[in-house]
1. Identify which of Pro169, Pro293, Pro80 has the largest mean-square fluctuation in a Gaussian network model of the chain, with springs joining Cα atoms closer than 10 Å.
2. What does the C-alpha gyration tensor say about the overall shape of the range 78-268? Classify as rounded when a/c is under 1.5, otherwise prolate if a/b is larger than b/c, or oblate.
3. Suppose each label sits 7 Å from its Cα in the direction of the beta carbon; what would the Val210-Leu367 distance come out to in nanometres?
4. By accessible area of protein heavy atoms, probe 1.4 Å, what ranking do Met174, Met102 get, highest first?
5. For the range 271-395, just say rounded, prolate or oblate: build the C-alpha gyration tensor, square-root its eigenvalues into a ≥ b ≥ c, call rounded for a/c under 1.5, and beyond that prolate if a/b exceeds b/c, oblate if not.
6. Under 5 Å between amide hydrogens, which residues at least 5 positions from Leu344 or on another chain qualify, with H placed 1.01 Å from N in the peptide plane?
7. Taking springs between alpha-carbon atoms closer than 10 angstrom, which of Ser100, Ser55, Ser45 fluctuates most in the Gaussian network model of the chain?
8. Any idea how far apart Leu342 and Ala153 come out in nm if each label point goes 7 Å out from Cα toward Cβ?
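The values are calculated or read from the model by the stated rules, or taken from the named source; none is laboratory data. Source: prediction; values computed, not measured. Every residue, glycine as well, gets a Cβ built from its backbone with ideal geometry; the counts of neighbours run over all protein chains shown. These area figures cover heavy atoms from the full protein model, side chains too; ligands, DNA and RNA do not enter into them. Shrake-Rupley method; radii C 1.70, N 1.55, O 1.52, S 1.80 Å.
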Amino acid sequence: MTGASQTDSSTPEFSFPHLDAEALSALSPETLAVAAGRPERDHDSPVNPSVVFSSTFVGLGAVGEGARGYARYSNPTWEPFEEAVARLEGTDVPALLFSSGMGAVAAALSLVPVGGVLVAPAHSYSGTLGLAQSKGERGELELRSVDIADTDAVIAALDGADLLWVESPTNPMMEVADLPALVAAARAAGALVVVDNTFSTPLGQRPLAVGADVVVHSATKYLAGHSDVLLGLAVTDDDELRALLLAHRTLHGAIAGPMEAWLGLRGLRTLALRVERSQATAGELARRLEGHPAVRRTRYPGLVSDPGHARAAAQFDGFGSIISLELDDAAAADAFVASLALWLPATSLGGVESTIERRRRHTAEPLTVPEGLVRLSVGIENVEDLWADLAQGLDALL
Ligand SMILES: *Cc1c(COP(=O)(O)O)cnc(C)c1O
């Protein structure tokens with residue numbers, strides 16, 4: 001394993017000491033989530049990577065050429081997690097771990113040149129929107145907001161663009177983009193494509209395989225999976241882009257603490273089990289919710305009635321574990337959330353515990369998100385327990 005110091009932007013190699021490239025490429029994602037990022041197999045060596053708490057490293061030679069130097073440049077505890085997530089996203093180029101999803105988002109947005117054009121979904125994670133808007137207001141870039149599900153509108157906006165940002169499904173409106181078509185159009189326009197893959201996880205879609213340039217994750221959500229850490233990742237299979245993202249991480253300093261990095265990999269080991277369960281439950285709950293008279297609309301790409309269903313069926317392996325519901329108004333939504341005993345009223349998503357939130361309680365949420373929209377993040381609890389709680393809350397609205 002090599003570290004990447006401030007002066008060394010070369011791309012490190014993977015460390016899977018006991019599996020060659022051919023053996024690795026044959027492994028399925030659920031196996032990679034468990035097998036990737038393991039330490040060397042020496043007699044009596046630990047089976048899990050250790051946590052390295054050190055702000056600096058002994059320096060007897062030049063810093064660079066793979067030397068760690070200082071823990072803002074590199075930390076051995078990041079690398080197994082970076083390796084595992086890169087593998088899951090289908091690349092040999094190690095991912096870059098950040099202190100939060102927004103750390104990774106900020107690094108990826110820095111790929112827009114000063115004065116360049118960013119095309120981004122009008123509905124997307126509010127932190128991403130806020131950062132893009134503030135960069136627009138400061139004149140750092142020109143922001144063009146689009147309906148990411150409207151392929152023609154996105155293609156029209158790509159004229160002269162430098163970077164296309166994609167969330168699919170979008171947070172919290174659950175719109176689904178035609179990613180292959182958008183990647184082709186962006187490429188023709190000379191724009192980079194960044195996909196925020198937090199909602200789908202690499203089990204649901206692998207944007208690099210479709211031609212996206214960079215994938216970002218809020219690993220705070222499904223990858224870590226237990227609502228106990230904030231982490232982010234940027235993944236690319238392009239060495240030059242990786243060097244730019246690495247330089248941004250090193251110089252802006254949004255690095256992960258070693259304990260958080262260790263917890264992130266610890267959570268990743270069970271990703272497939274968690275996603276399989278929560279996604280199956282979400283599909284069942286979405287069908288029941290759609291039939292409830294207190295619900296105006298259920299947004300879930302797994303529903304045949306959902307406008308994104310055909311695209312999602314073609315592009316995703318599974319429809320994910322997020323459902324958005326539209327109730328009559330803010331008061332109905334607030335009353336519903338407050339009536340629940342099992343579902344946790346909390347922001348964020350992707351943990352083992354089911355959480356629910358009226359999104360417009362955040363003043364930063366776009367005004368086009370309905371006041372009565374509640375976003376459900378389905379966890380791994382029993383489906384009937386989850387349904388019983390929702391059903392009593394919805395029945396009380398009638
Ligand atoms: C939460 C989230 C982010 C931001 O991640 P943090 O870890 O909270 O910084 C970015 N994108 C999406 C889609 C998210 O859900």
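1. Looking only at Pro169, Pro293, Pro80, the largest GNM fluctuation is found for Pro293.
2. Numbers: a/c = 1.62, a/b = 1.46, b/c = 1.11.
Prolate, since a/c reaches 1.5 and a/b exceeds b/c.
3. Distance between the two pseudo-spin positions: 3.2 nm.
4. Met102, Met174
5. Numbers: a/c = 1.45, a/b = 1.21, b/c = 1.19.
Note, shape of the range 271-395 comes out rounded.
6. Sorted by chain and number, the residues that satisfy this are Ser354, Thr355, Ile356.
7. Ser45
8. With each label point 7 Å from Cα toward Cβ, the separation is 3.8 nm.
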